[in-house]
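Report on the following structure.
The values are calculated or read from the model by the stated rules, or taken from the named source; none is laboratory data. From a predicted model like this one, the values you see are computed outputs, not experimental measurements. Positions of Cβ are backbone-derived with ideal geometry, glycine not excepted, and every protein chain shown enters the neighbour counts.
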Amino acid sequence: MAPTRKLRVCRNPDQIRSVGKYSRSKMYHKRGLWAIKAKNGGVFPQHDPKLEASKPAEKPPKFYPADDVKKPFDQQAQAQNPPSSGPKINGVPLRRVIQSYVIATSTKVDISEINVENFDDKYFTKEAGKKKNKGEGDFFEAEKEKSLPQEKNDDQKAVDSTLIKSIEGVTDLRTYLAARFSLRSGLKPHELVF
């Protein structure tokens, strides 16, 4: 059983709310404040206030936005997402892939002949077209077919032609790339060996 607490009783009970039974001078004697005063030469003891730590001139901000900070130029930040290509075998076009979605395998393909200098972030950015306000007639119009510029089609064909040559040099690599891949529950991509 838990120990019982001793009830604290007020020395000056209220007769009515906020009016005590005893006067201020009676409580002065009852509490023994006269003895404390007499002990210290007729004056209440004064305690020196604690020295506060020096406050900084400016209050530090709670939020540090990274945009306001000048950063040195980092060449890797120019093209963070590596370009990837299917190629034509599995129908994946030339595009950028976020690195956290890339699964490294032990399969290697020689891509030293491919020129990848012009495949930077600017190459993959879309041209921002002007937004026009749609009227009633625009809703019923047939949608225009989206097409890539001829330069990008030529680049894709050039990359595919050199990639397919190097892929055909390795046995069973073509069927390996054409096979479907998916992760099921319980499969750990970092432990898989391809």
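Quick notes
- Checking Asn12 against (1) modelled with pLDDT under 85; (2) surrounded by 10 or more Cβ atoms within 10 Å (Cβ to Cβ), the condition it does not meet: (1)
- Members of region 61-105 that are modelled with pLDDT of 70 or more, of a type in the set (S, T, N, Q), within 18 Å of Thr125 (Cα to Cα) and in a loop (DSSP other than H, G, I, E, B): Ser85
- In region 142-185, residue surrounded by the fewest Cβ atoms within 10 Å (Cβ to Cβ) [restricted to those that are under 26 Å from Tyr123 (Cβ atoms) and among the hydrophobic types (A, V, I, L, M, F, W, C)]: Leu148
- Residues in region 106-124 that are in a helix (DSSP H, G or I) and either among the aliphatic types (A, V, I, L, M) or exposed (fewer than 10 other Cβ atoms within 10 Å of the Cβ) (or both): Lys122 only.
- The set of residues in region 18-34 being surrounded by 10 or more Cβ atoms within 10 Å (Cβ to Cβ) and part of a helix (DSSP H, G or I) consists of Lys26, Met27, Tyr28, His29, Lys30, Leu33, Trp34.
- Residue pairs meeting the criteria (Cβ under 8 Å; at least 6 apart or on separate chains; first within 18 Å of Lys157 (Cα to Cα), in region 106-134; second outside any helix (DSSP H, G or I)): Val109/Val170; Asp110/Gly169; Val116/Pro83; Phe119/Pro83; Phe119/Leu94; Phe124/Pro83; Phe124/Arg95; Phe124/Arg96
- Test result for Asp48, modelled with pLDDT of 80 or more and surrounded by 10 or more Cβ atoms within 10 Å (Cβ to Cβ): no
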